[in-house]
Each structure stands twice: as structure tokens, then as C-alpha cells.
């Protein structure tokens with residue numbers, strides 16, 4: 001076989017395989033990023049839950065105020081949300097997870113009167129390379145974004 005012909009065959013093979021190899025590399029990177037962000041979200045919810053459990057009952061009574069609002073617990077709700085979003089109770093400008101906001105967080109006592117506080121977070125994860133995967137006219141685009149949900153329950157001290 002001619003040496004120049006072998007170079008041409010290798011170039012054709014590389015041209016055919018390169019898109020698949022790049023897809024594998026980028027998909028692996030996105031999966032790693034997804035796992036990192038989900039891990040970060042669960043850690044933030046856990047830390048916020050521990051903070052809330054220690055600060056929810058400023059009156060030291062057997063029942064928590066109902067409804068549990070900032071005015072009744074020394075701003076524990078807004079401080080917990082700030083801790084979850086920014087990593088500190090005083091707030092900030094850049095959330096630790098892009099797109100996470102106070103509207104994504106729900107704090108409630110379930111069941112009422114149990115002193116069991118549940119923090120629920122619904123976070124819309126977005127891939128770096130775009131929200132939709134094109135099918136090049138062979139069908140509908142595939143939506144790559146999805147919702148991460150996590151909950152943490154803690155008993156108020």
C-alpha cells in the first residue's frame with residue numbers, strides 16, 4: 001500500500017470519528033458539572049437547614065410561630081435563604097449557583113406544630129453549551145435543561 005494513500009485514509013477516519021469523540025468529551029464534562037452543582041446544592045440546603053433549626057425559635061416556646069415569618073423569628077427566613085443562595089446570611093450579589101433565587105426556595109413547618117422545618121429547593125439546571133440539542137432537521141430539538149429538586153428537614157432547637 002502506498003504511504004500517501006495511508007495518510008489519506010487516516011485523515012478520512014479522523015474526520016468521521018472527530019465529532020463523536022468531541023461529543024463524548026463535552027458530554028462527560030457536562031455530566032461532571034451537573035454532579036458538582038447538585039452536590040453544591042445539597043450541601044447548601046443542608047447548611048441552611050442547620051442554621052434555620054438553630055435560629056427559628058427565638059422565643060424558646062414549645063410551638064413555632066405560625067406562620068413562620070421573619071418578624072416572628074428574628075429574620076431567620078431571609079437569613080436562611082441568603083445563606084442558601086450566597087453562602088452568607090448577610091446576602092450578596094452573585095449566587096453560588098447561577099440562576100438560584102429566593103423564589104426557588106420554600107420553607108415550611110410540616111406538619112404544623114411539629115417543630116419539623118422542611119427546606120425545599122427547585123433549581124433549573126442549564127448546560128453550558130446551550131439549552132437545546134439540535135437534530136439538524138431530523139425531528140424536534142431535545143431540551144437539555146432540567147429541574148433539580150432537593151429537600152432537607154430539621155427539627156427546630
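Rule-based calculations on the coordinates, nothing more; no lab input. None of these values were measured; they are calculated from a predicted model. Glycine gets a Cβ as well: all are built from the backbone with ideal geometry, and neighbour counts include every protein chain shown.
Quick notes on this one:
- The Stokes-Einstein estimate for the stretch 4-75, based on a Kirkwood radius over Cα pairs and taken at 4 °C with 1.567 mPa s viscosity, is a diffusion coefficient of 75 µm²/s.
- Value at 222 nm in deg cm²/dmol, rounded to 500, when DSSP H runs of n ≥ 4 in the chain each add -39,500 (n - 2.57): -15000 deg cm²/dmol
- Per-peptide average of other Cβ atoms within 10 Å, ordering 41-48, 17-24, 124-131 highest first: 41-48, 124-131, 17-24
- Sorting 141-154, 77-90 by average packing, meaning the other beta carbons within 10 Å per residue, from highest down gives 77-90, 141-154.
- Between helix 3-55 and the chain: long-axis angle, C-alpha atoms, 0 to 90°, nearest 10: 0 degrees
- 0 to 90° range, to nearest 10: angle between helix 76-86 axis and the chain longest Cα axis: 20 degrees
- Angstrom value of the Kirkwood radius, inverse mean 1/r, which spans all Cα pairs in the stretch 35-155: 15.7 Å
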